[in-house]
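One structure below.
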Amino acid sequence: MKGSLRVKIMMLFVAAASLALSLAGVSSYQTAKTPVLQSRQAHAQLMMQKQSQALSAWLSERLAELSLLSRTEMIRFGSDEARLDYLKQELVRTGGHYVSFGLSDLDGRLLQVNGADFGIAADPSFAGNGSGSDVASNPFTVAFAQQQPVIAIQVPVYDDGFQIHEILHAYVLAEQAVERFAGEKSAPDDDSFVLFQEDGNILYPNPPDRKDKTYLNIGDARSPYQSIASDYPEHSSGLAETKLEGQTHFIAYSEVPGTDWYLAADLPEKALGEPLRRLLWKTILTMTLTGAALAVIMLVIMNYMLKRLRRILNITERAAGGSLRVEAADSPSQDEIGALAQSVDDMVGRLSPMIERLNAILNQNDYAVIVVDPGYKVTYFNRTAEKILGYAAEEVLYKKTLFLWHDEQELFKRAERLSIELGERVPPDISVFMTKPLRPNPEDDQSNLHP
């Protein structure tokens, strides 16, 4: 019963604490969820703006670098052979920013550093109009870059009369220019980000000359970026929500300053909600640890209270057996258990004189007095019983039954008689005293005891 009380209290406490902590945790999580998602969305849009600005700044640096190179004496007035050697050295000096250099006349005849000579007048990337502008082309594929998309940076070269007479070309890999700012793709065909023109045509990683793609414009029906098709012309940056394969995604986009390009990224809500999952697990862990700590504290308090109750119970059990020689159950605490202990002490104090007088009467005669409970366990054993049967009261009280002194043959005889009388087997144990015979027998009221 003592253990049962502990279990019941602990189960009730754990259930109540778990419910309270769960409600608090769910409430805190729901309260934090919306602000965290909004903050993550705003951060994603801000990062896209920064990446677009970084891409623009990088292109501006390359244009400025090439413009300075075009103004050197070697490039303006050197021989073709000397200029090509000079550009080869620049390829090494610039540390891999460029994959190739070249010089072309205004008619589109291009001479590259590797000695190749071919016409580019019909190439859309050729800015040979003589306007004097520094230009970065849209990404396109070329053979000398193993069909990888490149961006052509073109600046004019002036003669001694400061008239444009040639175009200096430098080629950078689109992958190097774009992905370093947009982030790495998880797979070669991953469309987690795109570079597209103002008209919506995708420049990278899906340039228009690749016909194996299912969409070439962000407004196409199969494009995951369709949700921003009507938004970006009016806004330089933004964030749009869409559904892809039943999942919520956010499309962040931003204009690349100084160009007609836009950079866009596909951000699954799952990725944006990653901090929420960490918050959820932290909340669960905090709830678990808090619940465990509360359970330990409750167990310590409950064990202390049960220890005090057990002491009172021991006193009442001994008093019920007629032994009032017990220590006081007084408690220094002024709580309910302390009041109960004081009540028990008062009860023992009032009963002691009466029990002592009764014990004096029972112990000053020649009769052995043994009191048993309904289970025949000894609850009182006077001094005469100790002398006759040879056992001290402490050895038998609440430990032994009457069977310790009963004649075994008498038990077997009574069990046999009852079995015959009732027509069913009665075992030679406590059952012979618990079974009521059909016909009362005076012998049943007497039993022989032996030491």
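How large is log10 I(q)/I(0) at q = 0.16, 0.27, 0.36 Å⁻¹ when the Debye formula is applied to the Cα atoms of region 365-404, each weighted equally and without solvent?
For region 365-404, the Cα-only Debye profile gives -0.32, -0.87, -1.31.
Quick check: residue separation of Leu422 and Leu46 times 0.36 nm, minus the Cα distance between them. What number comes out in nm? Don't jump to the answer; show the numbers that get you there.
Values: separation 376, 0.36 × 376 = 135.36 nm, distance 9.57 nm.
Length gained, Leu422 through Leu46: 125.8 nm.
Using a 10 Å cut-off on Cβ atoms, rank the peptides 286-294, 195-203 from the highest mean neighbour count down.
Values: 286-294: 14.1, 195-203: 19.0.
Descending mean neighbour count gives 195-203, 286-294.
For each pair in Lys33/Lys243; Lys243/Lys270; Lys50/Lys88; Lys33/Lys282, compute the distance between the two Cα atoms and list the pairs where it is over 22 Å.
Numbers: Lys33/Lys243 20 Å; Lys243/Lys270 12 Å; Lys50/Lys88 34 Å; Lys33/Lys282 14 Å.
Where the Cα-Cα span goes over 22 Å, the pairs concerned are Lys50/Lys88.
So how much slack lies between Ala20 and Asp429, counting 0.36 nm per residue of separation and subtracting their Cα-Cα distance, in nm?
Values: separation 409, 0.36 × 409 = 147.24 nm, distance 5.40 nm.
Extra length available between Ala20 and Asp429 comes to 141.8 nm.
Ranked highest first by the average count of other Cβ atoms within 10 Å around their residues, in what order do 372-384, 114-126 fall? Mind dumping the intermediate values first?
Numbers: 372-384: 16.0, 114-126: 13.0.
Put in order of decreasing packing, that is 372-384, 114-126.
Determine the sum of side-chain charges near Trp261: Lys and Arg each +1, Asp and Glu each -1, restricted to other residues whose C-beta is under 9 angstrom from that of Trp261.
Numbers: positive: none; negative: Glu198, Glu255, Asp260.
With Lys, Arg at +1 and Asp, Glu at -1, the net is -3.
To one decimal place, what orientation-averaged projected area in nm² is obtained for the convex hull of the Cα set of region 71-177?
So the Cα hull casts an average projection of 6.4 nm².
Work out, step by step, the length gained on full extension between Asp220 and Asp105: first 0.36 nm times the residue separation, then minus their alpha carbon distance; give nm to one decimal.
Numbers: separation 115, 0.36 × 115 = 41.40 nm, distance 3.91 nm.
In short, 37.5 nm is gained.
For region 15-121, what are Rg and Dmax over the alpha carbons, in angstrom?
Radius of gyration, then largest Cα-Cα span, for region 15-121: 28.4, 90 Å.
For Arg62, what charge total do you get from the other residues with a beta carbon under 13 Å from its beta carbon, if Lys and Arg give +1 and Asp and Glu give -1?
Numbers: positive: Arg180; negative: Glu61, Glu65, Glu90, Asp134.
Once positives and negatives cancel, what remains is -3.
Read the figures in this text as sums done on the coordinates, not as results from a lab. Computed from a predicted model, the values in this text were never measured in an experiment. So basically every Cβ, Gly included, is an ideal-geometry build from the backbone, and we count neighbours across all protein chains shown.
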